[in-house]
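Below you'll find the structure, written out as structure tokens, and then a few comments.
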Amino acid sequence: MFDEFGFPRDADSDYAAPILGTFVYCSRAAEGVDDAEVGRIIEWSQRRNVARDITGVLVFGSGVFFQWIEGPPAQLEKLIASLHGDLRHHDIVTLDRSVEKRSRLYPNWEMELVGADDIRAVLQEALESAEDENNIAALRRILEHLDSGPVDTLHPFATKR
Ligand SMILES: Cc1cc2nc3c(=O)[nH]c(=O)nc-3n(C[C@H](O)[C@H](O)[C@H](O)COP(=O)(O)O)c2cc1C
């Protein structure tokens, strides 16, 4: 199980994996938040996330945000607090919030594109497993919003490190 230096022999072991915080949510963009504003959010986020060792994905389409963020738990907590106070979006629904020992899903990306169909599937799945009434109501509102108009072309805000 361990070699003579005390390290696990198993190559697939997550022995070296860091303690990582994850926050996944969706929200609705506030009125007036357009492509230019989202561009500013992205520009800001890329700079800040590098400094905080945070990686992840942001999707914006049809007035809906979906974001996957991962990083050191303390840094992530600060960002989550900022996100909740940010008036550029509302109806924030937490899809996942956890701290565990694992390697990153997006180690090299500050932002990566997720297709519109994927957002709908993720939200639908979240609705099916949601128990909190407020989350269920907010998820329904977001899905209705998505279904009420054509899904815009998503913006490939993808920048590799
Ligand atoms: C949809 C959305 C996603 C955001 N993503 C990030 C992000 O990944 N990293 C970041 O630093 N700020 C992000 N922000 C901006 C933060 O909410 C906040 O405005 C910024 O971090 C400054 O907050 P502070 O002054 O409390 O540090 C995002 C804002 C919105 C509306």
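Odds and ends about this structure:
- One residue stands out in region 107-135 among those that are hydrophobic (A, V, I, L, M, F, W, C) and within 14 Å of the ligand (Cβ to nearest atom): the one that is modelled with the lowest pLDDT, namely 111.
- Considering residues of region 72-89 that are within 12 Å of the ligand (Cβ to nearest atom) and touching a strand residue (DSSP E or B) at 6+ places or on another chain (Cβ under 6 Å) only, the residue farthest from residue 38 (Cα to Cα): 76
- One residue stands out in region 54-106 among those that are among the hydroxyl-bearing types (Ser, Thr, Tyr) and either surrounded by fewer than 21 Cβ atoms within 10 Å (Cβ to Cβ) or closer than 24 Å to residue 134 by Cα (or both): the one that is modelled with the highest pLDDT, namely 82.
The values are calculated or read from the model by the stated rules, or taken from the named source; none is laboratory data. Nothing here was measured: the structure is a model prediction, and the numbers come from that model. Methodologically, a virtual Cβ is constructed for each residue, glycine included, from the backbone with ideal geometry; neighbour enumeration extends over all protein chains shown.
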